[in-house]
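Visitor: Got a structure for you, questions after.
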């Protein structure tokens, strides 16, 4: 066993350069005096400069000649700590760099290894973002790229001018209120009142008063002039009844009457007041199940469910996560007068997280990271513990039961597959991985071969096919 470990270490040592060259990220290595020793092919590709322009030169010289804007290596050497910053090359390319000092046994820095990540994709997303915003009232915006959401918005705009009741369904935090405002803003009532009511936030004994108002002297403590209810305030406009599933049964009866007769009666009054109000309701509950359990009136359910709209959860529209992340990053940077950038590694984790709290959770997460971050780069240390924990569980589950050989094969397969999916041709995919085209084709064929199943035990091959 010991001999096998030594042999593995020797193989790794002899192939270290190949490992560095296979990195999709750029790698830049200097000695303890900031003299450039090594760059990989990915660095040349990302930076747009050749290794001849930097090798053998000191980082101070590269800064002064404007080949790079600012050296993280020099800061890491000075602070003796890992340094991350945004850097720009003479080609105009912007990247995020992380410089890590390597110490000898006497605590002297002998090397600085810098990881270079391309952020141009995020800038492209920012441009896409500008073209995908749907402006609505109150400064709210709906960010949508995934086909399920763009189709939903098309349908919402179509029904906006059809003056009928709409029921918006979806999990907590998916953006039901945003859809309600979108319908209102695109309707013929857009210049009329828009009243939002959270049915779950009003105490049951105050619901009727808030909904319908009261006449003067209706009860002890009532205002002398009486009070207009929310339905009266919304007359000729739209009322949004959020969390309609929380409405008590006695109020459900009275709401049904309003829908049927289009009139209200104030508490303490006998006069029926004619109203013209469009109702948009929303809930994260299963109303059909509540009807079966006797907690929601069936006749009211069918009155509300004229035009149902189901908003999909964020985990089912992954395309929107990157755009929303960039949008909230820009929004909170502007709000708090900061200039924080989210590292690509964090972007990847946010993209793969399940988001049980949906858009609201993502928004709160971005705000928290920007507020609590002490640097200009938001990195792994800024991620909430629950998101990091899920990532750890995913990694453990992914390789559980696999040998080291199987795990390496799985990772290699994934990188080859993703590179080809991204670049659509062998030459560019191979270059991105730092290998030649013949090696890429050979490895790709290896994993396409059905015999691969025999060398990947414990269902690793099945995992590959599902990636």
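Bear in mind that the values in this text are calculations on the coordinates, not laboratory data. This is a predicted model, so every value here is computed, not measured. Please note: Cβ atoms are built from the backbone with ideal geometry, for glycine as well, and neighbour counts cover all protein chains shown.
Visitor: Starting from the 7 Å offset along Cα-to-Cβ, what nm value, one decimal, do you get for the label separation of residue 153 and residue 225?
Guide: Each label point is offset 7 Å from its Cα along the Cβ direction, giving 4.2 nm.
Visitor: In nm, what is the difference between 0.36 nm times the number of residues separating residue 55 and residue 380 and their Cα-Cα distance?
Guide: 114.0 nm
Visitor: Another question, then. Only counting other Cβ atoms within 10 Å, I'd like 351, 146, 327 sorted with the fewest neighbours first.
Guide: So the ranking, lowest neighbour count to highest, is 351, 146, 327.
Visitor: OK, next. Could you compute the FRET efficiency for residue 93 and residue 388, with r as their C-beta to C-beta distance and R0 at 25 Å, rounded to 0.05?
Guide: My answer for the efficiency is 0.25.
Visitor: Compute the relative contact order of the stretch 244-383 as a whole-number percentage, counting only Cα pairs closer than 8 Å that sit 6 or more residues apart in sequence. All intermediate terms of the calculation are to be shown ahead of the outcome.
Guide: Details: 114 pairs, mean separation 27.7, N = 140.
Here the relative contact order equals 20 percent.
Visitor: Next question. Rounded to the nearest 0.05, what FRET efficiency do residue 418 and residue 339 give with R0 = 35 Å and r taken as the Cβ-Cβ distance? Could you check?
Guide: Numbers: r = 31 Å, r/R0 = 0.88.
Working from the Cβ atoms, E equals 0.70.
Visitor: Looking at the square roots a ≥ b ≥ c of the eigenvalues of the Cα gyration tensor of the stretch 147-186, which shape do they give, rounded for a/c under 1.5, prolate if a/b is larger than b/c, or oblate?
Guide: Working: a/c = 1.88, a/b = 1.32, b/c = 1.42.
Note, shape of the stretch 147-186 comes out oblate.
Visitor: So how far, in whole Å, is the C-alpha centre of the stretch 94-119 from the one of the stretch 424-448?
Guide: 29
Visitor: Quick one: check the C-alpha center-to-center distance for the stretch 267-339 versus the stretch 52-68, whole angstrom.
Guide: Centre-to-centre (Cα) distance: 56 Å.
Visitor: Okay, next question. Using only the C-alpha atoms of the stretch 292-375, find the volume of their convex hull and express it per residue in Å³.
Guide: Details: hull volume 12.3 nm³, N = 84.
Spelled out: Cα convex hull of the stretch 292-375, divided by residues, is 147 Å³.
Visitor: Rounded to the nearest 0.05, what FRET efficiency is calculated for residue 86 and residue 188 with R0 set to 45 Å and r the Cβ-Cβ distance?
Guide: 0.40
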